[in-house]
1. Within region 89-103, how many residues turn out to be over 20 Å from Lys33 (Cα atoms), among the charged types (D, E, K, R) and at pLDDT 95 or above?
2. I'm checking my understanding of the structure. Among residues of region 77-106 that are farther than 16 Å from Thr30 by Cβ and of a type in the set (D, E, K, R), which one is surrounded by the most Cβ atoms within 10 Å (Cβ to Cβ)?
3. Across region 1-30, what is the total count of residues that are in contact with a Phe, Trp or Tyr (Cβ under 7 Å, 6 or more places away or on another chain) and not basic (Lys, Arg)?
4. Which condition breaks for Met48 when tested against (1) buried (at least 17 other Cβ atoms within 10 Å of the Cβ); (2) in contact (Cβ under 8 Å) with a residue 60 or more places away in the chain?
5. Give the residues of region 12-42 that are loosely packed, with under 13 Cβ neighbours inside 10 Å, touching a residue at least 24 places away in the same chain (Cβ under 8 Å) and outside any strand (DSSP E or B), sorted by residue number.
Amino acid sequence: MEKVYTLTKGNDKKIDKMVLKPNGQFIHMTFPKGEGLPLHMSNAELFMTVIRGTLSLGLNDQEVMQYNENTMINIPYQTKMNVRNEDEEILELIVVKIVPEGKSQI
């Protein structure tokens with residue numbers, strides 16, 4: 001009945017889109033120092049959880065903030081995002097995307 005997923009361990013840059021559904025996604029990401037995502041707009045409401053390391057996150061025109069492990073950040077739909085690892089330790093994230101209200105899919 002259940003479906004089992006295994007998070008991959010490692011220190012190399014990796015974006016593992018584990019679950020992709022029209023109404024939500026579950027993504028596991030790993031970034032070494034100096035790596036991250038391209039500057040982009042969020043296409044869904046996001047819940048970003050720092051599993052390991054320190055996340056450097058700039059949203060819209062706000063200054064970049066630092067978030068440590070065991071922290072979850074809720075990012076609204078259509079927010080400009082700058083997601084980076086500027087720390088020596090590997091950054092590992094879980095990102096859950098939820099379809100925005102009024103939309104039928106991500």
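1. Number satisfying all stated conditions: 1.
2. In this case the residue turns out to be Lys97.
3. Residues that pass the stated criteria total 2.
4. The number of the failed condition is (2).
5. Passing the criteria: Pro22, Asn23, Gly34, Leu39.
Table: residues versus (1) among the β-branched types (Val, Ile, Thr); (2) modelled with pLDDT of 95 or more; (3) touching a strand residue (DSSP E or B) at 6+ places or on another chain (Cβ under 8 Å).
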{"position": "Thr54", "(1), (2), (3)": "yes, yes, yes"}
{"position": "Asn60", "(1), (2), (3)": "no, yes, yes"}
{"position": "Glu63", "(1), (2), (3)": "no, yes, no"}
{"position": "Asn68", "(1), (2), (3)": "no, yes, yes"}
{"position": "Met72", "(1), (2), (3)": "no, yes, yes"}
{"position": "Asn82", "(1), (2), (3)": "no, yes, yes"}
{"position": "Asp87", "(1), (2), (3)": "no, yes, yes"}
{"position": "Gln105", "(1), (2), (3)": "no, no, no"}
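The values are calculated or read from the model by the stated rules, or taken from the named source; none is laboratory data. Here the structure is a predicted model, which means the values were calculated and not measured. In this analysis, Cβ positions are derived from the backbone assuming ideal geometry, glycine residues included, and neighbour counts consider all displayed protein chains.
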